[in-house]
Ligand SMILES: *Cc1c(COP(=O)(O)O)cnc(C)c1O
């Protein structure tokens, strides 16, 4: 039986990427050596990281002055690395509390400067994105573009008089957008780009060099800029697999093409949820995510939750259990999820509703 994995992360990679990556582990491009057993300073690997970097620049249409960095420590390490590099103790940064990841970023940032929470939807269990006005005078404003746990996403980013710092872990390269208002973008790879183990950061030069504190070498973005992410041994396999995903995305037509696909997939699933008496969406309609679709059993049908999950599993649909703080179901339909996978889920929902409704 064909399996479809809707896990929120680590998440699926495009099938041709997995196949090619598996080959590269054993024999990288016919060299007779595996990509994970050669020097990170070999021409083979420097070719990989340079191509990956160039593809990010191309796919994001990065203007002059932006650097692509390959880091470790997950997006969670960016929660402290960003304020450590960008914010002085006597300065203020604005944060939007749109979910648990955003809240973690807020808690970590408090160690480095003044943090002003501009808005929060916590009282509503983060079912929508708080609308905020971003004031002047902040060093930066921190946003989370897609709230993985709650299935909410900025459709358009708010106008900001200060640079935006953004956690794009769960919608990185899922759509085109104007990079110019952003001073820093970061993302753990394991949702929309590659295997876990590498974290990508895109930073604008003028954001750096303004803090007074001592920055340890490995926590200073400038180290990664000046050494092209090769100051120490980088996570070679995750970077290699990410490069393959970037090639795949480019071949597909880049962010415009993937956005069309992502919209079509999400529409299919949301329409199925909205039109079914058995299921109900949990996120506010205007903020619904194209990446993580969260839903529950509708009122009166709550007791069918475990049975539906079991039905999914028996039919090869994996990873649909919602986050423990939301309950219900979550279908993560990142770039790599084919429309066919969503169609199989929708058909199963329809069939289940016909039998149980
Ligand atoms: C998964 C996730 C994180 C945490 O990523 P790690 O790489 O595991 O540290 C942070 N932010 C968002 C939005 C996420 O989805």
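The values are calculated or read from the model by the stated rules, or taken from the named source; none is laboratory data. Treat the numbers as computed from the prediction; the structure is a model and nothing was measured. Cβ atoms come from the backbone with ideal geometry, glycine included; neighbour counts cover every protein chain shown.
Between 290, 244, which is in the same structural domain as residue 154 (by TED's automatic domain parsing) and either modelled with pLDDT under 95 or closer than 21 Å to residue 172 by Cα (or both)?
Values: 290 fails: in the same structural domain as residue 154 (by TED's automatic domain parsing).
Step by step, each of 290, 244 is checked, and only 244 is in the same structural domain as residue 154 (by TED's automatic domain parsing) and either modelled with pLDDT under 95 or closer than 21 Å to residue 172 by Cα (or both).
Residue by residue through the stretch 48-65, note down the ones that are within 10 Å of residue 240 (Cα to Cα) and either out of contact with any strand residue (DSSP E or B) (no Cβ under 7 Å at 6 or more places or on another chain) or surrounded by fewer than 12 Cβ atoms within 10 Å (Cβ to Cβ) (or both). Steps first, please.
Going through the stretch 48-65, the residues within 10 Å of residue 240 (Cα to Cα) turn out to be 48-49, 51-52.
Within the stretch 48-65, 48, 51, 52 qualify.
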Hits in the stretch 326-357 - residues which are assigned to a loop (DSSP other than H, G, I, E, B) and under 17 Å from residue 275 (Cβ atoms): 357
Some residue of the stretch 23-30 being at pLDDT 95 or above, surrounded by fewer than 17 Cβ atoms within 10 Å (Cβ to Cβ) and under 23 Å from the mean Cα position of the chain (by Cα): no
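Please work out which residue is surrounded by the fewest Cβ atoms within 10 Å (Cβ to Cβ), limiting yourself to the stretch 203-216 and to residues that are assigned to a loop (DSSP other than H, G, I, E, B) and in contact (Cβ under 8 Å) with a residue 40 or more places away in the chain. Reasoning before the result, please.
The initial filter retains those residues of the stretch 203-216 that are assigned to a loop (DSSP other than H, G, I, E, B), namely 208-216.
Keeping just the survivors that are in contact (Cβ under 8 Å) with a residue 40 or more places away in the chain gives 208, 210-213, 215.
Values: 208: 18, 210: 12, 211: 19, 212: 7, 213: 10, 215: 15.
So the residue we want is 212.
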Residues of the stretch 105-126 satisfying the condition of being over 23 Å from residue 181 (Cα atoms) and either within 16 Å of the ligand (Cβ to nearest atom) or within 18 Å of the chain's Cα centre (by Cα) (or both): 107, 108, 121, 122, 126
Residues of the stretch 127-157 classified as without any contact (Cβ under 8 Å) to a residue 40 or more places away in the chain and more than 16 Å from the ligand (Cβ to nearest atom), total: 5
Matching residues, the stretch 45-97, being away from the ligand (no atom under 16 Å from the Cβ) and assigned to a strand (DSSP E or B): 66, 67, 68, 92, 93, 94
Listing of helices (runs of 4 or more DSSP H) fully contained in the stretch 217-277 that carry 2 or more residues being closer than 22 Å to residue 154 by Cβ: 254-275
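Can you say whether residue 127 is surrounded by fewer than 21 Cβ atoms within 10 Å (Cβ to Cβ) and farther than 26 Å from residue 9 by Cβ, as far as the supplied structure shows? Spell out how you get there, then give the answer.
Values: surrounded by fewer than 21 Cβ atoms within 10 Å (Cβ to Cβ): yes; farther than 26 Å from residue 9 by Cβ: no.
Here the answer is no, as residue 127 does not meet what is asked.
Look through the stretch 180-202, keep the residues that are closer than 29 Å to residue 89 by Cβ and surrounded by fewer than 19 Cβ atoms within 10 Å (Cβ to Cβ), and return whichever of them is farthest from the ligand (Cβ to nearest atom). Spell out the reasoning first.
Of the stretch 180-202, the ones closer than 29 Å to residue 89 by Cβ are 180-188, 199-202.
With surrounded by fewer than 19 Cβ atoms within 10 Å (Cβ to Cβ) added as a condition, the list becomes 180-181.
Details: 180: 22, 181: 19 Å.
Checking each candidate, the answer is 180.
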